[in-house]
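The next block holds one structure in the form of structure tokens; read it before the comments.
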Amino acid sequence: MSERITAVKGMNDIAPPQSAHWEWLEARVRALLQRYGYRNIRTPIVEPLALFVRGLGEVTDIVEKEMYAFEDRLNGEQLALRPEGTAGVVRAVVEHALLYDGPKRFYYMGPMFRHERPQRGRYRQFHQIGVEALGLAGPEADVELITLAADLWQELGVQDVTLELNTLGQPAERAAHRQALIAYFEQHRDQLDEDARRRLYTNPLRILDTKNPAMQALVEGAPRLLDHLGAASRAHFDAVCALLDAQGIAYRVNPRLVRGLDYYHHTVFEFVTTSLGAQGTVCAGGRYDGLVAELGGKPAPGVGWAMGVERLLALLEAQQRLPAPPVPDAYAIVPDEAAWPRVLPALRALRAAGLQVLMHARTADGLAGMKAQFKKADASGARYALIFGADELAQGMVAVKPLRAEPGGAITEQVRRPLDEAAQWASELLSPSIS
Ligand code: ATP
Ligand code: MG
């Protein structure tokens, strides 16, 4: 045997039965997004490196140390695996003038890549579901997005997710606040850790975000951006709060919430949980009115969020909100290989009628005996066995045997049904909840 090749560290395979949870979640989210009028957009996983350097900002964690950047061996282009979705969506919007006939609401789902230290809730390939509303300037758009996320928690039955809210104001206000922050931290330089010293002049706002317990008191006393807001920014923030209040959506204003990315203006928010340990942010977003122009488009406002699918699934699992794995309606037992020409068409007809049918088939060891096949049927969770025995086939019939005490369908004891009329009796095998 050859040596094994394993997956790249921090990048996971998602196989059954877990993959069923992913499909279930994606379908639920999609249905909700449709109701809010968000439409799917799919952008490439590889983009020019410059897109993220410009779109996210040079002094962000992602650009400084987390990006999978590489040179295309064939033409020397500088490329990167996308670390997040917003920059690509905005690039596509600018490139194809997608706002030419008015504002747009988009959603995406897919893998993102960051070279981080893998741990629970933090991977190198992870998945985001994200929404972006472009061309909408008012606080009602911010609140629409937040409401959408809140509805999702409610619909999925997740508990213990709280909304944290802040505003980053506008660039001039941030500049004034930045000066005040630098002055404050300079006065307390001896209390800064290495990371903070490095960020002092490049990205002092991020110091507020520190997880170092020794710096908490210092950071608590730092000048607040909320106190540097002009009237327009204040009004935007107050309106966001009022519209959340109007819907009974609870939130906590957190003046230290700054978000990792540089392009945010006004509203920023995170949905956090205490149920997942250190990686407690499930969904995060905000308004990024400067980004479209930054990427070469005609200035247009934008607001969005992205949620971490792995973290949301971990939360659903911890709170026992994941559905049971799917089971087939029926398992086809095939005692003799001569039966295949009759089995395959009959199963095809049952599936066309909407049934989930699993067919027994030969392994490398050959065709299993009846007993072993029944064992497989039972293990599959199927509610019925379809037995294609020689006696039945001779009469143009198949035997239908309930495998569960309460199969939920119309058939409760072993019966025979005509092979050629599968479409007519298929519904008898459907459980009432599915039909
Ligand atoms: P964190 O502070 O946890 O590093 P972030 O600010 O880098 O998060 P965003 O860029 O806002 O995260 O991404 C949005 C969401 O994507 C996060 O709230 C989280 O749920 C998820 N996420 C981010 N990075 C990872 C990762 N490496 N592995 C798994 N999920 C992630
Ligand atoms: Mg991060």
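Heavy atoms only, probe 1.4 Å: what % of the accessible area of the range 188-340 goes to carbon and sulfur, would you let me know?
52
What is the sum of charges, Lys and Arg at +1 and Asp and Glu at -1, for the other residues whose Cβ falls under 15 Å from the Cβ of GLY157?
Working: positive: ARG28, ARG321; negative: ASP151, GLU155, ASP160, GLU317.
In short, -2.
Using the Cα centre of the chain as the reference point, and only Cβ charges (+1 on K/R, -1 on D/E), how large is the resulting charge dipole? Debye, rounded to the nearest 20. Working shown, then result.
Details: 48 positive and 53 negative charges, 83 e Å.
It works out to roughly 400 debye.
Need the list of lysines near LYS104 for cross-linking: C-alpha distance under 24 angstrom, and skip anything on the same chain fewer than eight residues off.
In chain and number order, the partners are LYS298.
Tell me the per residue accessible area of the range 49-158 using a 1.4 Å probe; a whole number in Å² is fine.
Heavy-atom SASA per residue in the range 49-158 reads 42 Å².
Specify whether the C-alpha gyration tensor of the range 330-430 places it in the rounded, prolate or oblate class, a ≥ b ≥ c being the square roots of the eigenvalues: rounded for a/c under 1.5, otherwise prolate if a/b is larger than b/c and oblate if not.
Here the range 330-430 falls in the oblate category.
State the answer as a single residue: which of LEU25, LEU200, ALA180 lies farthest towards the positive end of the charge dipole of the chain, with beta carbon charges of +1 for Lys and Arg and -1 for Asp and Glu, about the Cα centre.
Ranked along the dipole, the leading option is LEU25.
How would the range 153-255 be classified by its alpha-carbon gyration tensor: rounded, prolate or oblate, with rounded meaning a/c under 1.5 and the a/b versus b/c comparison settling the rest?
oblate
Expressed in nm to one decimal, what extension gain is obtained for the pair ALA324 and SER2 from 0.36 nm per residue of sequence separation less their Cα-Cα distance?
Extra length available between ALA324 and SER2 comes to 112.2 nm.
Looking at the chain, send over the antiparallel percent of its DSSP beta bridges, to the nearest 5.
Working: 50 of 61 bridges.
Within the chain, antiparallel bridges account for around 80 percent of the total.
Give me the angle, in degrees from 0 to 90, between the Cα long axis of helix 171-187 and the longest principal axis of the Cα atoms of the chain, rounded to the nearest 10.
Around 70 degrees separate the two axes.
Of TYR100, PRO323, ALA239, which is farthest along the charge dipole of the chain in the positive direction, counting Lys and Arg as +1 and Asp and Glu as -1 at C-beta?
PRO323
Under 20 °C and 1.002 mPa s, how fast does the chain diffuse according to Stokes-Einstein, given a Kirkwood radius computed over C-alpha pairs? Answer in µm²/s, whole number.
Reported coefficient: 84 µm²/s.
What FRET efficiency, computed as 1/(1 + (r/R0)^6) with R0 = 22 Å and r the Cβ-Cβ distance, is obtained for GLN179 and VAL59, rounded to the nearest 0.05? It would help to have the intermediate numbers written out before the result.
On the way: r = 17 Å, r/R0 = 0.76.
The pair GLN179/VAL59 has a calculated efficiency of 0.85.
Tell me, in nm to one decimal, what length is gained between ALA364 and ALA239 on full extension, where the rule is 0.36 nm per residue of separation less the Cα-Cα distance?
Numbers: separation 125, 0.36 × 125 = 45.00 nm, distance 6.70 nm.
In short, 38.3 nm is gained.
Please calculate how many Å² of accessible area the range 330-430 carries per residue, with a 1.4 Å probe and no DNA, RNA or ligand atoms counted.
53
Which value, in Å² and to the nearest 10, is the accessible area of ASP195 when all protein chains are kept and the probe is 1.4 Å?
The accessible area comes out at roughly 60 Å².
Taking a 1.4 Å probe, which of ILE5, ILE14 shows the most accessible area, and what order do the others take after it? Show your work: numbers first, answer last.
Working: ILE5 165, ILE14 65 Å².
From most exposed to least exposed: ILE5, ILE14.
Before anything else, pin down the relative contact order of the chain: Cα pairs under 8 Å, at least 6 apart, normalised by residue count, whole percent.
With pairs under 8 Å counted, the relative contact order is 14 percent.
The values are calculated or read from the model by the stated rules, or taken from the named source; none is laboratory data. Remember, it's a predicted structure, so these values are computed and weren't measured experimentally. Neighbour counts are summed over all protein chains in view; Cβ atoms, including those assigned to glycine, are modelled from backbone coordinates with ideal geometry. The area values use the complete protein model at the heavy-atom level, side chains included, leaving out ligands, DNA and RNA. Shrake-Rupley method; radii C 1.70, N 1.55, O 1.52, S 1.80 Å.
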